[in-house]
1. Counting only residues that are touching a strand residue (DSSP E or B) at 6+ places or on another chain (Cβ under 8 Å) and buried (at least 18 other Cβ atoms within 10 Å of the Cβ), how many does region A:197-218 have?
2. Can you find even one residue in region A:188-199 that is in contact with a Leu (Cβ under 6 Å, 6 or more places away or on another chain) and within 29 Å of B:Gly133 (Cβ to Cβ)?
3. Kindly establish whether B:Ile18 is within 23 Å of B:Ala130 (Cα to Cα) and more than 14 Å from chain A (Cβ to nearest Cβ).
4. Could you check region A:42-53 and list, in sequence order, the residues that are farther than 13 Å from A:Phe107 by Cβ and either modelled with pLDDT of 95 or more or within 23 Å of the chain's Cα centre (by Cα) (or both)?
5. What number of residues within region B:34-68 are at the interface with chain A (Cβ under 7 Å from one of its Cβ atoms) and of a type in the set (S, T, N, Q)?
6. Filtering region A:3-13 down to residues that are under 15 Å from A:Ala154 (Cβ atoms) and not hydrophobic (A, V, I, L, M, F, W, C), which residue is farthest from the other protein chains (Cβ to nearest Cβ)?
7. What helices (runs of 4 or more DSSP H) completely inside region A:90-174 contain at least 3 residues that are within 30 Å of A:Asp13 (Cβ to Cβ)?
Amino acid sequence: MAIQAVHVPESLDDVIACSARGGRIMGGGTALMPLVNSGAAAVTELVSLRRAGLCGIEVAEGVATIGAAATLAAVGEHPRLAFLRPALRTIASPTIRNQATVGGNLFVAQPYGDLGVCLLALDATCEIAGPDGRRDAPVADVLAAGTAAGEVVAAIRITLPEPGAWHYHKAMRRRLNSASIVTVASVAAPGGRRIVLGGVAPRPVRAFSAERLLDGRPLTPENLTEAGEAARADIDPFDDAYASAWYRARVLPVHLRRAFLP
Amino acid sequence: MPSQIVSLVVNGERREFIAAPGATLLACLRESLGLIAAKRGCAQGACGTCTVLVEGRPEASCLVPVETVAGASVRTLEGVTAGGELDEVQSAFIDCFATQCGFCTSGMIMVAEALLERNPDPSEDDVIEAVSGNVCRCTGYRPIVIAIMEAARRRRERAVPR
């Protein structure tokens, strides 16, 4: 399908207006443009967020509000978001991180979208704008079901984790620029430890079984391995060019352990 | 939507051209402006051979609809050769036998230029990370990394006043 129009709106209201007329929202284009270039995208109009004023990152009182069109590079360079830097460096290449956006990362299928795994672990909130106004939604809902027609994720809000409360590990075939085999992100929050897995289901998943098993127990190698084995109940792994479903399930306990004890 | 006139500052010079809807920055550079250093490799953002600098940062130009960067400053390999002289990165690629078949070279040099601009004294790991989005199908990565380290050294030496 050939592109008939590319809209580059300069405000959120204009984004919503363009989207209402049927345009497909595009962040950095790193997921959508490959499909456009190969003729596989069922889309004729693009609505770019590049100039919509959604690139800002603000941190106040321990809460970061990240514009949906902020690039992964911009997030990694923000001094208050340094805890995410190791995770961001496991995603694609520096070149692609100059283009790929935080919002776009929520709309790619696994084994991509490691930042979405992090945001689910952080229990992020999406600020969504649409023709009927603004609303907040848990990132879990957006990851599971996207947004309604005509809506756009405008920003993502996270509570910054306490020092030492954040853990991340990604297993991949190369040290850099490779998709996920297993991704683990975890935050120890007042309400309990959240553990989220990527690479092992079509979308990022909460490892509820592992969380229950580790509740109130020390993070020993034995307990973590047991939790990783329990987490097999939470996943729906797939075969792809990077690894088989069997392999992903097989190595899950190893990588869950390594997220906490490298 | 009809084709429109798009303006870019390419290698320091304002250029205007007519672009069809959704034309990529890469296609415009090559076909409208005749700047053919950036190559169309995979058209998926995976090979890096189309890399150019947009506002000083490397981007895969095959993934950029040109309308989205209208008015931006774009630097291509053609803009690196100021006054017809090869710069440190280019000459180090030649001296270190890092060009091989040449198809990936322009993208490799553009990420190297951006790296050295931000970090004049990179470690080898920094260089490897910088080129991690650029595929060399001759598989000669080692000479490329050595060439970029050598270019950094030469540029630092040149920066020291004698």
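1. Just the residues of region A:197-218 that are touching a strand residue (DSSP E or B) at 6+ places or on another chain (Cβ under 8 Å), to begin with: A:197-200, A:204-207, A:210-211, A:214-215.
From what is left, the residues that are buried (at least 18 other Cβ atoms within 10 Å of the Cβ) are A:197-200, A:204-205, A:207, A:210-211, A:214.
Qualifying residue count for the region: 10.
2. Yes - at least one qualifying residue is present in region A:188-199.
3. Here the answer is no, as B:Ile18 does not meet what is asked.
4. Result: A:Glu45, A:Leu46, A:Val47, A:Ser48, A:Arg50, A:Arg51, A:Ala52, A:Gly53.
5. Qualifying residue count, region B:34-68: 3.
6. First, the residues of region A:3-13 that are under 15 Å from A:Ala154 (Cβ atoms): A:9-13.
Retained after the next criterion (residues that are not hydrophobic (A, V, I, L, M, F, W, C)): A:9-11, A:13.
On the way: A:Pro9: 11, A:Glu10: 11, A:Ser11: 15, A:Asp13: 19 Å.
Across region A:3-13, the extreme among qualifying residues is A:Asp13.
7. Values: elements: A:94-97, A:102-105, A:114-121, A:139-145.
Ranges flagged: A:102-105, A:114-121, A:139-145.
Yes/no per residue for (1) of a type in the set (Phe, Trp, Tyr); (2) away from every other protein chain (no Cβ under 11 Å); (3) open to solvent by 50 Å² or more (accessible area, probe 1.4 Å):
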| position | (1), (2), (3) |
| --- | --- |
| A:Met1 | no, no, yes |
| A:Val15 | no, yes, no |
| A:Ser38 | no, no, yes |
| A:Leu49 | no, no, no |
| A:Ile57 | no, yes, no |
| A:Ile66 | no, yes, no |
| A:Glu77 | no, no, yes |
| A:Thr95 | no, no, no |
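The values are calculated or read from the model by the stated rules, or taken from the named source; none is laboratory data. Just so it is clear, the structure is predicted and the values come from calculations on it, not from any experiment. Methodologically, a virtual Cβ is constructed for each residue, glycine included, from the backbone with ideal geometry; neighbour enumeration extends over all protein chains shown. The protein model used for the area step is the full one, side chains on, heavy atoms only, and it has no ligands, DNA or RNA in it. Shrake-Rupley method; radii C 1.70, N 1.55, O 1.52, S 1.80 Å.
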